[in-house]
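Reviewing the structure listed below.
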Amino acid sequence: MSDERQTEWVEIVISVRHVDAAEVAGFLATTVPAARAGVELRDESIIFWVPLNEGDGALRETRAAVSALAAGGIAVDPARVELQPAAPEGEWRDVWKRYFRVTRVARRVVIVPSWEEYAPARGDVVLQVDPGRAFGTGLHASTRLCLIEMDTMSSADQPVLQGECPKVTRFLDLGTGSGILAIAAAKLWPASSGLAIDIDPVAVEVATENALRNGVAERVSCALTPLGAVRERFDLVMANIQMDVLRSLRDVVVQRIAPGGILILSGLLDEEARDVARWYALLPEIQTPRVRQCADDPEWSAAVLQRVAG
């Protein structure tokens, strides 16, 4: 990446006690869109990155979120939320290298960054993804939950819901970010193809690069296409995005699911996932909602729903 691109990032820094860090980070991830890409705990600060031209807006959103936390009794001060120049990309990538290793996120799914070597075991589905400019390295609980559900769904001996899982020939990744879920779908169902869409041009660029890197570019189309402009129905729809967006898009999302198809909703705290599942299940064509809580990060959950067949 060029030096010009390296200067386009700033850091949002939130001072926080270590004991409150997990709670604050979880709240920010659901209320501040820029924080969904992941945060770093540095000493007694939570830090996340935003493009330079979005810095002022993200700072206002973060201070509003921190004010809400302070009103709820958390020892945080919105006046101590700051905006500062980001370290050069090479430096923060070196930081990531200390923490981002080969990670098995599901029974068969393994995430491998470019600086690590890995000899796949028989049956492994390897996703080659580095942390970068778009959300989705597989480390966040919301992404892991989606990958676990997809791994389960693609295993004939482990049905996701009470009925039979559909054969996935076409999939839709809504809010694709880095493209990791679309890439995983293409690898878990080798005969499938799909559409990965996002409203962020950078995300579409990154997803396209990652699909090429993983050898699935011919089967994963990455685009800025608005969901409302998509007319096709899909056997599998994945949406790892915020609760308010999932609620507002309910009717159009459900119309994109083929009869008998599966919808995986993530990006949600546990109670949010249950609320969203109930909201979707109010539609007569949706059946058998189930919520899976993340085993190692129980604040986060994903909802799995199925459209009535026929």
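Does any residue in the stretch 233-249 that is in the same structural domain as ALA186 (by TED's automatic domain parsing) come within less than 7 Å, Cβ to Cβ, of a residue that is surrounded by fewer than 19 Cβ atoms within 10 Å (Cβ to Cβ) and of a type in the set (Val, Ile, Thr) six or more places away or on a different chain, and which pairs are these?
Close Cβ pairs (under 7 Å, with a partner that is surrounded by fewer than 19 Cβ atoms within 10 Å (Cβ to Cβ) and of a type in the set (Val, Ile, Thr)) amount to ASP235/THR169.
Assigned to a helix (DSSP H, G or I), modelled with pLDDT of 95 or more and surrounded by 15 or more Cβ atoms within 10 Å (Cβ to Cβ) - does that describe any residue in the stretch 231-252?
yes
Just wondering, is there one or more residues in the stretch 54-64 that are within 28 Å of GLU209 (Cβ to Cβ), surrounded by fewer than 19 Cβ atoms within 10 Å (Cβ to Cβ) and at pLDDT below 90?
Scanning the stretch 54-64, I find at least one residue that is within 28 Å of GLU209 (Cβ to Cβ), surrounded by fewer than 19 Cβ atoms within 10 Å (Cβ to Cβ) and at pLDDT below 90, so the answer is yes.
For the stretch 175-203, which residues satisfy the criterion of being modelled with pLDDT of 90 or more, surrounded by fewer than 24 Cβ atoms within 10 Å (Cβ to Cβ) and of a type outside the set (Gly, Ala, Ser)?
Residues satisfying the conditions are LYS187, LEU188, TRP189, PRO190, LEU195, ILE197.
I'd like the residue in the stretch 5-40 that is part of a loop (DSSP other than H, G, I, E, B) and of a type in the set (A, V, I, L, M) and, out of all such residues, is modelled with the lowest pLDDT.
VAL39
Mind listing whichever residues of the stretch 255-288 are out of contact with any Leu (no Cβ under 6 Å at 6 or more places or on another chain) and in a helix (DSSP H, G or I)?
GLN255, ASP270, GLU271, GLU272, ALA273, ARG274, ASP275, ALA277, ARG278, TRP279, ALA281
Pick out the one residue from VAL95, VAL110 that is outside any loop (DSSP other than H, G, I, E, B), among the hydrophobic types (A, V, I, L, M, F, W, C), under 22 Å from the mean Cα position of the chain (by Cα) and at pLDDT 90 or above.
Selected residue: VAL110, the only one of VAL95, VAL110 that is outside any loop (DSSP other than H, G, I, E, B), among the hydrophobic types (A, V, I, L, M, F, W, C), under 22 Å from the mean Cα position of the chain (by Cα) and at pLDDT 90 or above.
Of all residues in the stretch 130-149 being closer than 21 Å to THR208 by Cα and modelled with pLDDT of 85 or more, which is surrounded by the fewest Cβ atoms within 10 Å (Cβ to Cβ)?
Of everything passing the filter in the stretch 130-149, ARG144 is surrounded by the fewest Cβ atoms within 10 Å (Cβ to Cβ).
Collect the residues in the stretch 23-78 that are within 20 Å of ALA273 (Cβ to Cβ) and of a type outside the set (A, V, I, L, M, F, W, C), keeping them in residue-number order.
Within the stretch 23-78, GLU23, GLY26, THR30, THR31, PRO33, ARG36, GLY38 qualify.
How many of the residues in the stretch 190-211 are touching a residue at least 24 places away in the same chain (Cβ under 8 Å) and either in a loop (DSSP other than H, G, I, E, B) or outside the structural domain of LEU224 (by TED's automatic domain parsing) (or both)?
Residues in the stretch 190-211 being touching a residue at least 24 places away in the same chain (Cβ under 8 Å) and either in a loop (DSSP other than H, G, I, E, B) or outside the structural domain of LEU224 (by TED's automatic domain parsing) (or both): 4 in total.
The values are calculated or read from the model by the stated rules, or taken from the named source; none is laboratory data. What you see is a predicted model, and the numbers here were worked out from it, not measured in a lab. Cβ atoms come from the backbone with ideal geometry, glycine included; neighbour counts cover every protein chain shown.
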